[in-house]
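All remarks here apply to the structure that follows.
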Amino acid sequence: MRDFRDAKAMAQTLRENLTTKAVTISHSESLELISRVLGVADWNTLSAMLQVGRTSPETATVKLQAGTSSYPAIPLRDLVPFPTTTYPLFVGREKTILALKDAFERQREVVLAIQKNETVDEPGFEDIYDVGVLAQLLEIQRLDDGTLRVLAQGRQRVVIQRFVGETGSYRADVTGVSEGPIPDEPELIQRAVKRFESYVSAHDMRVPPIWPPLERTLDPGRVADVIASHIVLPISEKQKLLATLDPVKRLKCADAFLDLSTLPLSSTLHATRRRAIEYADQRGHQYATLEHLLLALVDDADAAVVLRDCNADFGTLKADLIRYLDKELKNLMIENGKNGQPTAAFVRVSQRAAVHAQELGWSEVKGSNTLLAIFPETRSPAVRLLSGQGITQKLVAASITGNTGSV
C-alpha cells in the first residue's frame, strides 16, 4: 500500500527543485502534480486519503455512544452516501450551513440524511428516510456564490430516530447499526467484483484507488457499499441498498443490478443484430464491426425514431456506410461458410446499451440504447459518419429521454 502521509512535503520539495531550474509553479499546482504521481485523480481525493489515515482525535474512527446520540445533520436532496466513500457536498441552505459550522466546532461528525422528495426546502422528520450515514467532515471551502463545498467521508450506517430544524440548524438523534461478524462469501464477492469491472468499463468510469482492492476484500458489506456508491440508480433504489443491513443480502442486491444478462433484447433489436451479422457474412468479412451494426440500426424502428429526431439523412448515411464496408473492409475476408464474429467494440457497445436501458428502468434493451452506446467508441468510422451529419451523443440522449419521459 502506498504511503501518502508525506505528500505535502513531496509537493514542497518539487516546487523548490523546479524553482532552481527557473520553472515556477503554484502551491496548488504542486499538490495536483504529486497527486497524479501517486496515481490519484486529484488533490481532494488524496487529501481525503490522508485524513482517513491519520489517528488524531479530529479524524478518529467514529464510535457512537450506547443508546441515542445527537449530531448536526445535513439533508441531501439527490445523493445517497455509503460508508467508506468520500463525497463532495455543495451546501447552500442556511440551516445546513449552521449545522456544518456546529460540526466543525466540535468533532467534525455529521449525520447525512436523505430526503424522500428533493423539492422540499425545509425537510422535517417525515421527509427523510430512516436510515442515514454518520460521516466525518474532512474539508470545507466557501465558493464565490456563497455556497460551501464540503468533503465528507461516510463512516457508518445509523437509524435516525429524530430530525429537527426548528432550532436554527438541522440536528438528528441517531442510533448505531451493527452488522455483526463478517460472513464468508468469497464466490459472491468475486462474481460481483467481476460484474462491477464490466460495468465500469462499459461506462468508461474512473474509480478512485480502493485499498484493499475489491477482489481482495473479504467483507461482502464493504464490497456492496463501494459498488452501490458508483452505479447509477434512482435515489429510492440506492436508499434500499443503504437500508439493507444484512451485508450478504445487500451484496446480492447490488450484484443483481449489475447482472445485465437478465435484461432481454427487444425483438426488433434481436433482428437488427442478426442483420448486422448477415451484412458481414454477405461480404465475406471476418468481423462484424460497428459499421455493420450502424447500417442495421438505420432500419431499426426504435433507432430510426431517434435518428429522425436528430435530422439524419438516411439515404446519405446508408450510402456512406455501404461505401465504407465495401471498400475499406475488403481485406477482412474469410473462407466461405464461416460466419463473421462481432468485434470487441461490438461487444462493448452491446454491454453499454444494456447498462443504459437498465438505468432508464426499461424492461428490455432497444435499438435506441445501442445507437447511443456507439458514441464512446470515438475512433470508429461509425461515430465519424454520425458526427458528419451533426448527430452527437448529446442529441441522441436528449431524443431518447424526450421520447420516454425518463431521466
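Among Leu233, Leu214, Leu218, which is more than 15 Å from the chain's Cα centre (by Cα) and surrounded by 16 or more Cβ atoms within 10 Å (Cβ to Cβ)? Going through Leu233, Leu214, Leu218 in turn, just one is more than 15 Å from the chain's Cα centre (by Cα) and surrounded by 16 or more Cβ atoms within 10 Å (Cβ to Cβ): Leu214.
Answer yes or no as to whether Arg274 is basic (Lys, Arg) and free of Cβ contacts under 8 Å to residues at least 24 places away in the same chain. Answer is yes for this residue. Pairs linking a residue in the stretch 347-376 that is in the same structural domain as Ala254 (by TED's automatic domain parsing) to a residue that is among the hydrophobic types (A, V, I, L, M, F, W, C) and in a helix (DSSP H, G or I), with Cβ atoms under 6 Å and 6 or more positions apart or on different chains, do not occur. For the stretch 306-319, the condition holds for no residue, the condition being that it is surrounded by 17 or more Cβ atoms within 10 Å (Cβ to Cβ) and free of Cβ contacts under 8 Å to residues at least 60 places away in the same chain. Could you say whether any residue in the stretch 143-155 is under 18 Å from Leu245 (Cβ atoms) and modelled with pLDDT of 90 or more? Checked against the condition, which is being under 18 Å from Leu245 (Cβ atoms) and modelled with pLDDT of 90 or more, the stretch 143-155 yields at least one hit. Within the stretch 359-388, the only residue that satisfies the criterion of being assigned to a helix (DSSP H, G or I), within 19 Å of the chain's Cα centre (by Cα) and more than 17 Å from Ala304 (Cα to Cα) is Glu359. Total residues in the stretch 174-202 satisfying the condition of being part of a helix (DSSP H, G or I), among the charged types (D, E, K, R) and either crowded, with 16+ Cβ neighbours inside 10 Å or in contact with a helix residue (DSSP H, G or I) (Cβ under 9 Å, 6 or more places away or on another chain) (or both): the figure is 4.
The values are calculated or read from the model by the stated rules, or taken from the named source; none is laboratory data. A quick note: this is a predicted structure, and the numbers were derived from the prediction, not measured. Neighbour counts run over all protein chains shown; Cβ positions are idealised from the backbone, glycine included.
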